[in-house]
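What follows is calculated from the coordinates using simple rules that are stated; it is not laboratory data. Quantities reported herein were computed from a predicted structural model and do not represent experimental measurements. Because the Cβ atoms are built from the backbone with ideal geometry, glycine has one as well, and the counts that use them run over all protein chains shown.
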């Protein structure tokens, strides 16, 4: 069903502003996806800095050296990798600005989209400052972990932005993810997806401790956590086991109690990502932490954040009480107008 407020091709053309539309257009959706990809790429490039021992390739900040803003030939490959990672910040900033402009004129109807875009933009200078502190403290593993967790939070916000722009502008998605579904199951669904979110956060945090304890600390001279590598790795595995059990239980409940299809689909994606991550994790653990495997595990962590954020967001959106309920005649079905969630 198409409502009077739905965007049409004619509306988009008449709007006349490609970068700052008044409705959620394909441009808005693409910028949300660009934010998700750019923030995920930052995790990969930051991981490559650590894996190649290039953490101090640029030994100071904000300059690369005391005399130069860029890396020099004498710094070799480490300088190239570290400076390249710093340059990605400008790409991320450009994407953030374009994303904010894309939703700026939507604020009167979709204020939450504008707020998410604003937070994503403000997080970039925060990340730059944290990165500078990391360099000046000789790659302190606690601060490196914070650097990674901020990036993970940005991926989660970007995933929410992607979901909401799609649900509010694509009729098929809006119909499938209309609010008010399975209201009798709301408490259970929300409890399950919150558990998924909390366990994901715990997995990521413990993962930073594992990395900070292991050999890939970013530079041969940088400090490492004093944890026992075996014990901290085991601790990291515990919430992984718990989240797998949680997702499997969720899938069983979704089938038996007929939960909304998008929630079940999100749980299926979550399980697939978890299984893939577990396989990579076990491979790298039993094969001496090869760089390629660790890099794939980092990419998988970004996918895990996306899958978890998507699961939580869908679980809450579909179990919201509709804003408006239109009552039909007694012999007609009840038509619920979707909320803006």
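Details
- Relative contact order, whole percent, for segment 17-337 stands at 22, derived from Cα pairs under 8 Å and 6 or more residues apart.
- Packing-based ranking, highest mean first, of 194-206, 241-253 given that Cβ atoms within 10 Å are counted: 194-206, 241-253
- Ordering 309-318, 108-117, 26-35 by mean Cβ neighbour count within 10 Å, with the highest value first, yields 309-318, 26-35, 108-117.
- Counting only Cα atoms, segment 17-337 measures 80, 49, 24 Å along its principal axes, largest extent leading.
- Taking the number of Cβ atoms within 10 Å of each Cβ as an exposure proxy, the fewest-first ranking of 158, 151 is 151, 158.
- Averaging the Cα positions of each part gives two centres, and for segment 149-222 and segment 242-306 these lie 12 Å apart.
- Residue order, fewest to most beta carbons within 10 Å, for 83, 286: 286, 83
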